[in-house]
Amino acid sequence: MCVSFSIKDDRSLQAYFAVIGVTLEVADRYNLRPTDQVPLLRQYGGKMHQDDAHWWLIPAHSNGTVNRKYPMFNARGESLSQRSSYAGPFRSQRGILPMSLFVEQSKHPEFSGPVSITDAENEALAVAALWDVWQRGEQTILSCTVVTTAAAPEFAPYHPRMPVMLTLAECERWLDNSRALPADDPLLAPVLKFPLRLVPLGKSVNNVRDKSPETIKPMGEERLLENGKTHNKRTAPQDKRGRDT
């Protein structure tokens, strides 16, 4: 799952997305939560667009309200083509949520509690998303959901699921809404595509109203995940982030 993420408008964020022709216009935003407005990258009309979207998918065919009985801020990648609310967006309304980090509640017995997850080399994260537009009369709601997959083996001890994190090469295919993707596309596979850094956080991140930088303040020793290995903070990953996988 993904229930919180943050964006820091720094050089690494801008440089990363510039590679795919995107100039981000974002301010620092911390502890973004479902139903918050979040920056969404999407392609339509032959151009790339950045729009603020409601993070909780509101399907075009719905009544336009959030139904908390059926959480729609995460969409399981394994069943996108089987769910009526996701099948259409998966076919032609795919987008990306730019992130500096996301937060999970770690289940690891020796590393439990809220942790931030970042690229091990502090590059930005491009997370797969779906979007939809609900419209009735003059009211329009652009909304989105994070696409998730089963956790990669390296990530599984901490949480059973993870967002689909795209390499730069995958970003172009995912954003190309002129062609449908197969339900079993490899980019949705539960694979650790590049090394990740996990850092323990304090309890303030659990307060959905707290949008301060304090929510992502490190509170313990980090762990690094790569290629089936877990390292402590004194051991650096061996490989650079793959961009052409």
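Just a few scattered comments:
- Any hit, the range 2-9, residues being among the hydrophobic types (A, V, I, L, M, F, W, C), over 19 Å from VAL147 (Cβ atoms) and out of contact with any strand residue (DSSP E or B) (no Cβ under 6 Å at 6 or more places or on another chain): no
- Among the residues of the range 133-160, those that are more than 22 Å from ILE58 (Cβ to Cβ) and in contact (Cβ under 8 Å) with a residue 24 or more places away in the chain comprise THR149, ALA150, ALA151, ALA152, PRO153, GLU154, PHE155, PRO157, TYR158, HIS159, PRO160.
- Across the range 23-41, the number of residues qualifying as crowded, with 16+ Cβ neighbours inside 10 Å and either touching a Phe, Trp or Tyr at 6+ places or on another chain (Cβ under 7 Å) or in contact (Cβ under 8 Å) with a residue 60 or more places away in the chain (or both) comes to 12.
- Within the set ALA87, ALA60, ALA27, the sole residue that is of a type in the set (Gly, Ala, Ser), at pLDDT below 95, within 25 Å of PRO182 (Cα to Cα) and outside any strand (DSSP E or B) turns out to be ALA60.
- Residue match in the range 172-190 (condition: buried (at least 21 other Cβ atoms within 10 Å of the Cβ), among the charged types (D, E, K, R) and either touching a strand residue (DSSP E or B) at 6+ places or on another chain (Cβ under 7 Å) or assigned to a helix (DSSP H, G or I) (or both)): no
- The range 83-122: number of residues that are on the phi > 0 side of the Ramachandran plot and under 16 Å from the mean Cα position of the chain (by Cα): 1
- Within the range 2-22, the set of residues being surrounded by 17 or more Cβ atoms within 10 Å (Cβ to Cβ) and either small (Gly, Ala, Ser) or at positive phi (or both) comprises SER4, SER6.
- Taken together, the criteria place ASP132 among residues that are over 29 Å from ASP10 (Cβ atoms), acidic (Asp, Glu) and crowded, with 16+ Cβ neighbours inside 10 Å.
- Pair list, Cβ under 7 Å, 6 or more apart: the range 1-22 residue in a strand (DSSP E or B), other residue at pLDDT 85 or above and surrounded by fewer than 16 Cβ atoms within 10 Å (Cβ to Cβ): ILE7/ASP28
- Taking residues in the range 212-229 that are exposed (fewer than 14 other Cβ atoms within 10 Å of the Cβ) and among the acidic types (Asp, Glu), and partners anywhere that are modelled with pLDDT under 95 and not in a helix (DSSP H, G or I), the pairs with Cβ atoms closer than 6 Å and at least 6 places apart or on different chains are GLU221/LYS233.
- In the range 56-68, the residues that are farther than 15 Å from TYR86 by Cβ form Cβ pairs under 8 Å with partners that are modelled with pLDDT of 95 or more and outside any loop (DSSP other than H, G, I, E, B), at six or more places apart or across chains, as follows: GLY64/TRP134; GLY64/ILE141.
- Within the range 134-177, the residues that satisfy the criterion of being aromatic (Phe, Trp, Tyr) and under 20 Å from GLU226 (Cβ atoms) are PHE155, TYR158.
The values are calculated or read from the model by the stated rules, or taken from the named source; none is laboratory data. Please read all numbers here as calculations on a predicted model, not as lab measurements. We place every Cβ from the backbone using ideal geometry, glycine too, and count neighbours over all the protein chains shown.
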